[in-house]
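A.B. asks: Sharing a structure here in structure tokens format.
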Amino acid sequence: MDLSYYPGCTLKTKAKGLEDSAIASLKTLSIDLVEVQRWNCCGVTYSLADDDLVHHLAPVRNLIRAREQGSKRVGVLCSFCYNSLKRANLLMKNDQVKRKTLNDFMEEEKGYNGEVEVVHILEVLRDDVGWGNIAEKVKISLKGLKVVPYYGCTLLRPQEVAIDHVEKPTILRSLMETIGAEVIEFPYATECCGSFQIIGNPDYITQRAWDILSSALRRGAEALVLTCPLCHFNLGERQQELVPRYSDFKGIPIFYFSQLLALSLGLGSQVCHFELNYGDPLPLLKSKKLIP
């Protein structure tokens, strides 16, 4: 099965581990991700100003590009990209006045009315592939690896774009358990990492990272699993501030869900780009005999 795929900017640079491992994993599960041609930045964040329509042009144009490929669905990996495209698509489907204004802005494009469905790749794994089919493909069980799922904000808020239950999501837990990992209950699973406060208030992000990561460690977690490159940056990069500040903090590896999925499918570490992960996850993976 072919599925149109929108990558976004970060997955071509700092988050190649998320993209390459996901593409390889989906291919093993009989889904070929076909990259949308001539895509542009998603716009990063969905504008909440009622009269700020120009910022919706970027995500809408990407949806038009997907439609040009004959696609009825487009899959997204980055949580921020997913949130931006999904909400812009709902705007074009449900708000006739704003839809007309935006289509008038894009006078050289054929009018867009929300025809393309936006889905996150986790939804594809759950709803199209199915946990049972994934389990049958597992070659290396992650048994013994203790992880906490971390969703952050953009997969679950606002409710109309949520890929799972807003307060008690299970999709990451189900995937991790399917590939053999031990999942630990985690009260910070849906807390915000601080997002773009990293630019103006890095000390706040450091405190948020401490709250989230120390909670995971106290519960016995050996790794954090997430989907968002910004969460990966905030919770990973700030660990270098936490180590000297808290004498008992030794750090915790952070993985994209697709990296652990790829390992379990026997695809090897080369598609995971662990060298781009913040911190060094290799000692943990070697200790669990998940890599040579």
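The values are calculated or read from the model by the stated rules, or taken from the named source; none is laboratory data. Everything quoted here is computed from the prediction, not taken from an experiment. Note that each Cβ is placed from the backbone with ideal geometry, even for glycine, and that neighbours are counted across all protein chains shown. Note: areas computed on protein heavy atoms with side chains; ligands, DNA, RNA excluded. Shrake-Rupley method; radii C 1.70, N 1.55, O 1.52, S 1.80 Å.
A.B. asks: Of the accessible area of the chain, with the probe set at 1.4 angstrom, what percent is carbon plus sulfur?
C.D. replies: 49 percent
A.B. asks: Reachable lysines from LYS16, Cα under 18 Å, same-chain residues fewer than 8 places away excluded?
C.D. replies: Leaving aside lysines fewer than 8 places away in the same chain, those within reach of LYS16 are LYS27.
A.B. asks: Solvent-accessible area per residue for the chain at a 1.4 Å probe radius, Å²?
C.D. replies: Per-residue accessible area for the chain comes out at 44 Å².
A.B. asks: Still on this structure, I have one more. With an 8 Å Cα cut-off and a minimum separation of 6 or more residues, compute the relative contact order for the range 138-287 in percent.
C.D. replies: 26 percent
A.B. asks: Let me know the charge dipole size of the chain about its Cα centre in debye, to the nearest 20, where only the beta-carbon of Lys, Arg (+1) and Asp, Glu (-1) is charged.
C.D. replies: My answer is approximately 640 debye.
A.B. asks: While we're on this one: Taking the Cα centre of the range 138-287 as the origin, how large is its charge dipole in debye, to the nearest 20, when only Lys and Arg (+1) and Asp and Glu (-1) carry charge on their Cβ atoms?
C.D. replies: For the range 138-287, the charge dipole is close to 300 debye.
A.B. asks: Based on the Cβ-Cβ distance of GLU107 and LYS72, what FRET efficiency does E = 1/(1 + (r/R0)^6) give at R0 = 35 Å, to the nearest 0.05?
C.D. replies: My answer for the efficiency is 0.90.
A.B. asks: If R₀ is 41 angstrom, what is the calculated FRET efficiency for the pair ASP211 and GLU136, using the beta carbon separation as r and rounding to 0.05?
C.D. replies: Efficiency computed from Cβ-Cβ geometry: 0.60.
A.B. asks: Using a 1.4 Å probe and ignoring any ligands, DNA or RNA, find the accessible area of LYS16 and quote it in Å² to the nearest 10.
C.D. replies: In the full protein context, LYS16 sits at about 70 Å².
A.B. asks: Hey, with R₀ at 30 Å, roughly what FRET efficiency would CYS41 and ASP95 work out to, going by the Cβ-Cβ distance, to 0.05?
C.D. replies: It comes out at approximately 0.85.
A.B. asks: How much mean residue ellipticity at 222 nm does the chain get from its helices, if each DSSP H run of length 4 or more adds -39500 (n - 2.57) and you divide by all residues, to the nearest 500 deg cm²/dmol?
C.D. replies: Computed ellipticity for the chain at 222 nm equals -11500 deg cm²/dmol.
A.B. asks: Let me ask another. May I have the convex hull volume per residue, in Å³, for the Cα set of the range 2-121?
C.D. replies: 90 Å³
A.B. asks: Take each of the peptides 122-129, 74-81, average the number of other beta-carbon atoms within 10 Å over its residues, and list them starting from the highest.
C.D. replies: 74-81, 122-129
A.B. asks: Ok, one more. Picking from TYR6, VAL116, SER287, whose Cα lies most toward the positive end of the charge dipole for the chain (charges on Cβ: Lys, Arg +1; Asp, Glu -1)?
C.D. replies: Value: SER287.
A.B. asks: Each residue of the range 18-24 in order: what ³J(HN,Hα) in whole Hz does its phi give by Karplus 6.51 cos²θ - 1.76 cosθ + 1.60, θ = phi - 60°, with x for Gly and Pro?
C.D. replies: For the range 18-24, the Karplus curve yields 5, 6, 5, 5, 5, 4, 5 Hz.
A.B. asks: When a/c is below 1.5 the answer is rounded, else prolate if a/b is larger than b/c, else oblate, so apply that to the range 142-212 with a ≥ b ≥ c taken from the square roots of the Cα gyration tensor eigenvalues.
C.D. replies: oblate
A.B. asks: Rounded if a/c is under 1.5, else prolate if a/b beats b/c, else oblate: with a ≥ b ≥ c from the C-alpha gyration tensor eigenvalues square-rooted, which is the range 154-292?
C.D. replies: oblate
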